[in-house]
1. Is any residue of the range A:97-125 close enough, with backbone N under 17 Å, to a label point placed 7 angstrom from the Cα of A:LEU132 along the Cα-Cβ axis, and if so, which?
2. Where only protein heavy atoms count, and the probe is 1.4 Å, what is the accessible area per residue for the range A:57-236 in Å²?
3. Quick one: with all protein chains in place, what share of the accessible area of the range B:227-359 is carbon or sulfur, to the nearest percent (1.4 Å probe)?
4. Can you pull out the GluC sites (Glu not before Pro) in the range A:74-174 that DSSP calls coil and that have at most 13 other Cβ atoms within 10 Å?
5. List the equivalent ellipsoid semi-axes of the range A:1-147 in whole Å, largest first, each obtained as the square root of 5λ for an eigenvalue λ of the Cα gyration tensor.
6. Given 0.36 nm per residue, what is the gain on full extension from B:GLU97 to B:VAL299 after removing their alpha carbon distance, in nm?
7. In chain A, if the dipole is taken from +1 on Lys/Arg beta carbons and -1 on Asp/Glu beta carbons about the Cα centre, which of A:SER219, A:ILE184, A:VAL109 is farthest to the positive end?
8. Compute the FRET efficiency between A:THR209 and A:LYS48 as 1/(1 + (r/R0)^6), taking r as their Cβ-Cβ distance and R0 = 25 Å, and round to the nearest 0.05.
Amino acid sequence: MRKLANRFYMGLVFLFLYIPIFVLIANSFNASKSRTVWTGFTFDWYRKLFHNETILKSLLNTLIIALIASVLATLLGTLAAIGIYNMKKFTRNLVINITYLPIINPEIVTGVSLMLLFVALKIELGYVTLILAHVTFCVPYVILNVLPKLRQMDNNLYEAALDLGCTPPMAFRKVVIPEIMPGIMTGFLMSITYSIDDFVISYFTHGATSQTLPITIFSMTRRKVSPEVNALSALLFVAILVIMIIMNVSEMRKLPSDQRRRAAKAEKKGGRA
Amino acid sequence: MDKNKIIELKGISKAFNGEQVLKSVDLDIHDKEFVTFLGPSGCGKTTTLRIIGGFVTPDSGEVLFNGKKVNHVPPYKRPVNTVFQKYALFPHLNVYENVAFGLRLKKMKETEIAAKVAEMLDLVNLRGYEKRSVTLLSGGQQQRVAIARALCNEPKVLLLDEPLGALDLQLRKEMQIELKKIQQRLEITFIYVTHDQEEALTMSDTVVVMNGGEIQQIGTPQDIYNEPINAFVAKFIGESNILPGIMHEDYKVEFAGDNFVCVDKGFRPLEPVDVVIRPEDITICPPSDTVINGLVESVIFKGVHYEIMVRAYSDLWKIHSTKAPEVGSVVGIDFTPEDIHIMRKMENSEDYAALDHLNGEEAGTID
Ligand SMILES: Nc1ncnc2c1ncn2[C@@H]1O[C@H](COP(=O)(O)OP(=O)(O)OP(=O)(O)O)[C@@H](O)[C@H]1O
Ligand SMILES: [Mg+2]
């Protein structure tokens, strides 16, 4: 009985969370422009969406910016994580906390301050400022994903590589990077999703020709919510869902091998060559 | 044994965060020698090994390889390879690629690499494991891969930091024999770190006993066991009765309330000394006027022998014997002059602290 009540409650929570999205997806197939009456199923809005120059342009902007910013953030973040990992305990904790700051900081504060900075430095708002801004808020996510991988890594691996004849850069490339690769990849994927997702910070740092998708959608809805936006949002939701599933599946795939590793360790006691 | 010096340490000192970890260590290591660093935890064994491997630079002193100073030569340019305590195998590579790692760096031809890897896997009895993931191997197998990987580069000296520490007793014994065989077959120098005295005594040509960042004694296993230079070595290399004594003149020592004839000389008159007598060197006899007499306090069966504790005055003697006297009976404690080992008192109070730690509850004397 109790179990049933639990299930019911869970169901309610999920319903509450996902009903808006399902309404939106349903509406994107609604032939009527009205959001309240269902007049028939149609793909029209999707067709129109793909003929809308503004939307397509900003979609392209979003993707380009997400890609460039994520690559840069991943590079920077990985190097930063390695630097932080090798710091003395006190400085390390200090730097890690400073790294958290942009994540905790209200986005609007980050956005406004970045805009003020760019204006003060006389950098014209546009692609460059958008990319810089996105790199800024993506780097912490990369660091936070790479650091644990470094901590898990056996310290002697790097030394073993040196011992076998690697110069420090080679040891790094051949041993350290492969070891922390899963963390780097997760950081990269998170950066992409956060970059695509970002509205507030982009809003303050974009220029006239460099609108990203969320900004375009926002400006479209200010007049009247066009059903094209429903279609677009539905597509975005599905895209993010797919990325999430890929990330989780790859995590799950790794799990069994970890478990096997543990099993091998346990077996060590009785095991023989 | 070939007496070519291959590695020399001269006055090596090292401090970490102000804590002196090595205090002026001097050591010669010869070609084809099996050298073991033996000492309690934290005495600086690993640090010494890492200085030889090039992972730690000493604060002062010289490291010489074949007479050339190498203090600042990085690890990848030294003719030594290391077997790390926790194996440090590369998890993203399979067994074959782990072993081939050093060869690939040398840009060897694929056929030569394959031949060498096969030879090394043969050496460590891991043929047929080439394609396995190293994370799925048992501890013993991982250890073998680590050895094969280190030997692939044909080092002149192999450094091993407690390589068998994580293995169970049975496997340990097997690997000890195998390692010794490998060393003799390849005719290279092994520098081996352990805190297991039995392992050190069975495997080594030379044992280096360390404590508190200093070398206590260097010698063959027989030397170290039979002629320990001080109470610390005596206690660390096996169980001992250690009693305070006074050297009256050459061949004459006073301890346990009596005068004894011994075989040692060269001490100052009336010099205070430590007297060491091994439990297995003592024989139990009927009480008489010519021996020390004492009361049997406890008898514990230890498998090969009984461990008998006998109290005589304030001294508590540990005796190993195959026959068990009755608890509460009075017995005589007998030993020959050759069984009495005399050593100078240690100057260092730190050494005594370490000794107390080793002793635990089984102190040689009770004041
Ligand atoms: N990189 C380091 N930084 C700070 N202290 C260190 C470092 N390496 C070693 N030490 C200290 O130096 C001392 C000696 O360490 P070392 O590892 O050489 O001991 P060990 O004889 O190998 O001991 P064990 O048997 O426990 O391995 C220890 O007190 C240790 O804490
Ligand atoms: Mg050690």
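1. Residues A:110-125 fall inside that zone.
2. Accessible area per residue, the range A:57-236: 48 Å².
3. Taking all protein chains in place, the range B:227-359 shows 54 percent carbon and sulfur surface.
4. Answer in residue order: A:GLU124.
5. 39, 28, 14
6. 67.1 nm
7. The one lying farthest along the dipole's positive direction is A:ILE184.
8. Approximately 0.65, to the nearest 0.05.
The values are calculated or read from the model by the stated rules, or taken from the named source; none is laboratory data. Remember, predicted model here, so these are calculated numbers, not experimental data. Quick reminder, even Gly has a Cβ in these numbers, built from the backbone with ideal geometry, and neighbours come from all protein chains shown. These accessible areas exclude ligands, DNA and RNA; they are computed on the full protein's heavy atoms, side chains included. Shrake-Rupley method; radii C 1.70, N 1.55, O 1.52, S 1.80 Å.
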